[in-house]
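Note sheet for the following structure.
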Amino acid sequence: MKSLEVEQRQVVVIGAGPSGAIAGALLKRNGHDVLVLERQRFPRFSIGESLLSHCLDFVEEAGMLDAVRAAGFQTKHGAAFGWGERYTEFDFRDTFTPGQGSTYQVLRADFDKLLADQAELQGVEIRYEEEIFAVDFSADRPRLSVRRLADGHEYQVECAFVLDGSGYGRVLPRLLDLDTPSNFPVRQAVFTHVEDRSDGTGFDREKILITTHPTLRDVWFWTIPFSNGRCSVGVVADATRYQGRPEDLDACLKQFIEETPSLHKVLKNAVWDTPARTIGGYSANVKALHGPGFALLGNAAEFLDPVFSSGVTIAMRSASMAAGLLHRQLSGETVDWEQDFAIPLKRGVDTFRVYVEGWYDGSFQDVIYYEKAQPEIRRMISSILAGYAWDAKNPYVAEPRRRLRVLAEVCASQ
Ligand SMILES: Cc1cc2nc3c(=O)[nH]c(=O)nc-3n(C[C@H](O)[C@H](O)[C@H](O)COP(=O)(O)OP(=O)(O)OC[C@H]3O[C@@H](n4cnc5c(N)ncnc54)[C@H](O)[C@@H]3O)c2cc1C
């Protein structure tokens, strides 16, 4: 590294997305010095607009819940699933695990800015349009190289600890060679925002709607209503399912929707005023969630799949766990990042993983669309869909693979 001015800080957080903003605020609330470096200017677009109930626990812990409640986001009470004539709903106000109940669907540009502004109000310093481009963990104190994007000015920051909340930027996994392939196939999403002009038939604005393609069961759609009469709509499919379809993203998305009558009906009056975007190959994994002087948060660590809207919840949960542990470490305690961070965090992620795998192999879809399910079992499933995937008292969290297999067999035999 060339010799540059070196700033001394206690904690540096990479990225001001949900994981970075929550981690920064929690550390500041415990009296630590935190610098957040964010390469973009906020508000900025991000995908991931449907929140789970559990993420509000961390928003509350970070002292931001009143601000989120006052922001006028679309209330979300649960998730609805549709496949052909089948339609079923899970209500997050009626779950096995007691929790936040209702949550929100948000334009992430607004939501992420609100969280970052709240962190700043609590005293966290955030520098926008400053990008971390190199790191050096060879000495006791990690050193980060930073570029100010406005004028190209470069400087270095030395700190006691780095939390990487860089999301799809995956700064430390890339620079420290921690990346390892995900075991999920390469899937791709094509999505846009529309003015939906829905009359409410088959579309409850207070729920996310997940629709299964009528004949391709591994292809599904999200419809996420916002409070301004618009909604986010997207299709997710294995990369191979796009072969032979229009290259134009709008035409491609519309073609998938036209093949899916129940969704086509919901969107029949929609005004398609925003060019579609695509993101693919987003599933990612890492060799380690922590190392000397750093820990990985949210998407910078692992991203499974969008189907259960778990991304922001996992990001915030990792931020809360890491901030708590780092507080103890900075206060002089010896902490075990593997035992107290990586292992318990992965437990919930692995619960989601089982249900994501079950979604794509059809077994969890059979369970979701099963009409005669016992109410208590639906409440347990609803808990997981609401984000409470770490509650080991829930049998479907404690033993997800075995429980799902048994349940899927029951559904298949009916
Ligand atoms: C198709 C799709 C749909 C999804 N839908 C949902 C959903 O409905 N609900 C849900 O909860 N999740 C969803 N997700 C997941 C969600 O997008 C992420 O899990 C979530 O945004 C992760 O938050 P984060 O704070 O870890 O990262 P991010 O929100 O990505 O924030 C990371 C920040 O780091 C900054 N950064 C990156 N590199 C650098 C650098 N070098 N220097 C400085 N800053 C840097 C970025 O600019 C960014 O602002 C979806 C994902 C996909 C792919």
Inside the stretch 39-94, can you point out the residues that are touching a strand residue (DSSP E or B) at 6+ places or on another chain (Cβ under 7 Å), within 30 Å of ASP218 (Cβ to Cβ) and in a loop (DSSP other than H, G, I, E, B)?
ILE47, GLU49, LEU51, LEU52, SER53, HIS77, PHE92
I need the full set of residues from the stretch 103-134 which are free of Cβ contacts under 8 Å to residues at least 60 places away in the same chain, surrounded by fewer than 21 Cβ atoms within 10 Å (Cβ to Cβ) and in contact with a strand residue (DSSP E or B) (Cβ under 7 Å, 6 or more places away or on another chain), in order please.
GLU120, PHE133
Filter result (without any contact (Cβ under 8 Å) to a residue 60 or more places away in the chain and surrounded by fewer than 18 Cβ atoms within 10 Å (Cβ to Cβ)) within the stretch 304-330:
ARG328
Return yes or no: is ASP196 more than 12 Å from the ligand (Cβ to nearest atom), surrounded by fewer than 22 Cβ atoms within 10 Å (Cβ to Cβ) and of a type outside the set (Phe, Trp, Tyr)?
no
Would you mind telling me which numbered condition in (1) within 21 Å of the chain's Cα centre (by Cα); (2) of a type in the set (A, V, I, L, M); (3) at pLDDT 95 or above ALA300 fails?
(3)
Residue check, GLY24 within 10 Å of the ligand (Cβ to nearest atom) and either in contact (Cβ under 8 Å) with a residue 12 or more places away in the chain or more than 24 Å from GLY234 (Cβ to Cβ) (or both)
no
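Residues of the stretch 1-38 being more than 30 Å from PHE308 (Cα to Cα), of a type in the set (D, E, K, R) and not in a helix (DSSP H, G or I), which ones?
Selection gives LYS2, GLU5, GLU7, ARG9, ASP33.
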Can you list residue pairs whose Cβ atoms sit under 8 Å apart, with the first residue in the stretch 276-290 being surrounded by fewer than 19 Cβ atoms within 10 Å (Cβ to Cβ) and the second being aromatic (Phe, Trp, Tyr) and part of a loop (DSSP other than H, G, I, E, B)? Count only pairs 6 or more apart in sequence or on different chains.
SER283/PHE184
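Output the residues belonging to the stretch 149-170 that are within 11 Å of the ligand (Cβ to nearest atom) and either touching a Pro at 6+ places or on another chain (Cβ under 6 Å) or not polar (S, T, N, Q) (or both).
LEU149, LEU163, ASP164, GLY165, GLY167, TYR168, GLY169, ARG170
The values are calculated or read from the model by the stated rules, or taken from the named source; none is laboratory data. Since this is a predicted model, take the numbers as computed values, not measurements. Ideal geometry is used to build each Cβ from the backbone, glycine not excepted, and the neighbour counts take in all protein chains shown.
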